[in-house]
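Asks: One structure follows; several queries about it will come next.
Derivation of every value follows stated rules applied to the coordinates shown; laboratory data play no part. This is a predicted model, so every value here is computed, not measured. Cβ sites come from the backbone with ideal geometry, for glycine too, and all protein chains shown count toward neighbours.
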Amino acid sequence: MTKIYVAGHRGMVGGAILRRLEARREAGEGLSLITRTHAELDLTNQAQVADFMATEKPDIVVLAAAKVGGIIANNTYPGQFIYENLMIQSNVIHQAHANGVQRLLQLGSSCIYPKFADQPMREDALLTGTLEPTNEPYAVAKIAGIKICESYNRQYGRDYRSVMPTNLYGPGDNFHPENSHVLPALIRRFHEAKEDGLEEVVIWGTGTPKREFLHVDDMAEASLFVLDLPKEAYDANTQEMLSHINVGCGEDVSILELAQTVARVVGYAGRIGTDPSKPDGTPRKLMDVGRLKDMGWQARIGLEDGIKETYAWFLERDLAELRQK
């Protein structure tokens, strides 16, 4: 029986990974799945994490827990973003090592790359330039997570791997009007504009920045694909000091094109305006996913189909409750 601890199982990505692991268990794989809510285990608390790891003794750890948010959240809470993410990663990775966990998968973010990195961004663009200021604290924490894994691999012979997803979306996303990422924020705004009969929706910035979006089910599939790779195959496609793997679909769209797609899916027929006084963020963020493709995996869910599924999930939720958040 293999014991797998999924940290962050209530989040969008952790939840998708857990669903896949549960399906494997139901199909007959000998898996024992361990989860804890934040109320049960505060991952920023070193003593709590140490006690948990010593008691549960997992064989594998999937670290999908993180404090995340969009531009507004990153700008408003930079101290919380860097502190909480550094503490979560340091505690979980170190205590996994201290309790004999040989295999661990850590999920990061595409914001680790420089603001003006060559496009598409390859793994070796890491630490070659200045980060985007609006999310620098979060990015620094995620870079540290990669380096903690690599350092424990080098010194202790562990097999700790990191995957860096592009912008994720899908069922389980956060639709908060201020703390959500761009795609769920647009879904909510266009839905409410349609319901309220608004003639225009104005999006932040110029609408020209380009972003890549990956459905969370694709991310979960890719994460377990990387976790399952034999160590020889993983090592053959990575480097000791450059071991992380990009995960994306390999295509991007402008924010304005994204807004137009969301409006079409939602059924909003009004005008779409832009507000250049608001920040655009990084001009372009497209991942080079050649390394992962060479390993044998690529995304399968198209953007419009994925948005349709996400909007359907949004409609199934209690919208009155969402409005209060």
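Asks: 222 nm [θ] for the chain, helices only, -39500 (n - 2.57) per DSSP H run of 4+, per residue, to 500?
Replies: Per the formula, -14000 deg cm²/dmol.
Asks: While we're here: Using the Cα centre as the reference, give the magnitude of the dipole from point charges on the C-beta atoms of segment 192-325 (Lys, Arg: +1; Asp, Glu: -1; all else neutral), rounded to the nearest 20 debye.
Replies: 300 debye
Asks: A 29 angstrom limit on the alpha carbon distance is what I want to check against. Which of Lys147/Lys308; Lys142/Lys293; Lys67/Lys115; Lys115/Lys231; Lys3/Lys115 exceed it?
Replies: Among Lys147/Lys308; Lys142/Lys293; Lys67/Lys115; Lys115/Lys231; Lys3/Lys115, the Cα-Cα distance tops 29 Å for Lys147/Lys308; Lys115/Lys231; Lys3/Lys115.
Asks: Now a separate question. I need the GluC sites (Glu not before Pro) found in segment 177-236, filtered to DSSP loop residues with at most 12 other beta carbons within 10 Å of theirs.
Replies: Working: sites: Glu178, Glu192, Glu195, Glu199, Glu200, Glu212, Glu221, Glu232; in loops: Glu178, Glu199, Glu212.
Answer in residue order: Glu178, Glu199.
Asks: For Phe225 paired with Trp313, estimate the spin-label separation in nm (one decimal), with each label point 7 Å from Cα along the Cα-to-Cβ line.
Replies: That separation, rounded to one decimal, is 1.9 nm.
Asks: About its Cα centre, what dipole magnitude does segment 1-159 give when the only charges are +1 on Lys and Arg Cβ and -1 on Asp and Glu Cβ, stated in debye to the nearest 20?
Replies: It comes to approximately 200 debye.
Asks: Work from the charge dipole of the chain (Cβ charges, +1 for Lys and Arg, -1 for Asp and Glu, about the Cα centre) and give the residue of Ala185, Ser277, Cys111 farthest towards its positive end.
Replies: Of Ala185, Ser277, Cys111, it is Cys111.
Asks: Further question on the same structure: Using a Gaussian network for the chain with springs between C-alpha atoms less than 10 Å apart, which of these wobbles most: Thr166, Thr238, Thr55?
Replies: Looking only at Thr166, Thr238, Thr55, the biggest GNM fluctuation is shown by Thr55.
Asks: Please name whichever of Ile88, Met53, Leu131 sits farthest to the positive end of the charge dipole of the chain, dipole taken about the Cα centre and charges placed at Cβ: Lys and Arg +1, Asp and Glu -1.
Replies: Met53
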